[in-house]
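First the structure, in the form of structure tokens, and then the observations on it.
Values in this text are rule-based calculations from the coordinates and carry no lab data. The shown structure was predicted, so the numbers you read here are calculated from the model rather than taken from an experiment. Glycine also receives a Cβ, built like all others from the backbone with ideal geometry; neighbour counts cover every protein chain displayed.
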Amino acid sequence: MKFVVSAAFQPLDQLVPLAQSAEEAGYEAISFSDHVVYPETLDTPYPYTPDGSRRYDDTSEFPDPWVAVGALASATRRLRFTNNVFVLPMRNPFLAAKAIGTAAILSRDRVTLTIGVGWSRIEFELLGQSFRDRGRRTDEMIEVMRKLWTGDWVEHHGRFYDFDRLRMSPAPNRRIPVWVGGISDAALRRAARNDGWISDLQPAAEILESVQKIRSWRQQAGATGAFDVMASASDVHDLDGFRRLEAAGVTHVLTMPWAYHHGLTDDLAKKRDGLRRFADEIVQKV
């Protein structure tokens, strides 16, 4: 099992020291959340809380993840970079493929793309993308980006995207893994067709139930090869709990490790101390 530091809502001036501390302490990766703007009023409810209210407020910082990866890649050597999650269908697939591919190259193949289909209709409209068909477009966007990332001459003639032969350069040196976030059956099926799944912040039993669904769908489809699961279990806090998750198929844990010792502090020194202490107590023993 590997551990991923969630950089959600963290101040930009703390990202480099947090990434460096995470690398020194043996964490696998650091992860970035994604929103472009904060609408004052929502037209669609936030899907991950009982009352539809957001887990963050208008002061929460959401840096562009690919700019952040570029900066942090130059300040680290081993640490990987991922998302929780990148809202792919809000973007144009060519611009997304260019940004993600460039980040993968500059980080020396340390990018795992973790995507979701999004929930905020307002953001889609502001970025000029259709909200209604976002799931189906996501599937085709992944197909398009996979072609573009080969660096070869490619063409595509699909339902949403249609183009004749072209190339995108530079191309990533290695295949970029694609993980999928979401808790609906549609999201779990999409994850099963790709390389991994990320849970929401939810009880372990719910996470493992989803893992079993994904396994079943992969088996039905004849899918082979490694499949990763990045989990945020709200009721797992000790070494035995993490070991049970690992035994059930969880490969990565997404966490804010300083919260175990200092709560959701804004103090950088306490965050770095919490990173090291959690690594000593959990990361190095799993």
Checklist line | Structure-based [θ]222 nm, the chain - -39500 (n - 2.57) summed over DSSP H runs of at least 4, per residue, nearest 500 | finding: -12000 deg cm²/dmol
Item checked: Options 41, 142, 73, ranked by Cα towards positive dipole end of the range 33-144, top entry (Cβ charges) -> 73
Next item on the list: With an 8 Å cut-off on Cα pairs and a minimum separation of 6 or more residues, tell me the relative contact order of the range 2-285 in percent.
Entry: 18
Next item on the list: Considering only 182, 101, 128, give the residue with the highest GNM mean-square fluctuation for the chain, with springs between Cα atoms whenever their separation is below 10 Å.
Entry: 128
Next item on the list: Give me the percent of Cα-Cα pairs in the chain that sit more than 24 Å apart, rounded to a whole number.
Entry: 51
Margin query: If I take every Cα pair under 8 Å that is 6 or more residues apart in the range 78-135, average their sequence separation and divide by the length, what percent do I get for the relative contact order?
Written below: 48
Check: With the chain treated as a Gaussian network of Cα nodes joined by springs under 10 Å, which of 240, 164, 133 yields the largest mean-square fluctuation?
Finding: 164
Note to self: As I understand it, the dipole of the chain uses +1 on the Cβ of Lys and Arg and -1 on the Cβ of Asp and Glu, about the Cα centre. Which of 220, 180, 205 lies farthest toward its positive end?
What the structure shows: 220
Checklist line | Residue among 151, 249, 225 with the largest mean-square fluctuation in a Gaussian network model of the chain, springs linking Cα atoms under 10 Å | finding: 225
Next item on the list: Using Cα pairs closer than 8 Å and at least 6 residues apart in sequence, work out the relative contact order for the range 180-286, in percent.
Entry: 22
Item checked: the range 2-285, dipole about Cα centre (Lys/Arg Cβ +1, Asp/Glu Cβ -1), debye to the nearest 20 -> 1100
Checklist line | Restricting the range 1-108 to trypsin sites (Lys or Arg not before Pro) in coil, as DSSP defines it, with at most 13 other Cβ within 10 Å | finding: 55, 77, 78, 108
Next item on the list: Enumerate by residue number the GluC sites (Glu not before Pro) in the range 124-172 meeting two conditions: DSSP loop (anything except H, G, I, E, B), and at most 14 other Cβ atoms within 10 Å of the site's Cβ.
Entry: none
Next item on the list: Please get the size of the charge dipole for the range 225-272, origin at its Cα centre, with Cβ charges of +1 on Lys and Arg and -1 on Asp and Glu, quoted in debye to the nearest 20.
Entry: 140
Check: Nearest-5 percent of antiparallel DSSP beta bridges in the range 2-285?
Finding: 10
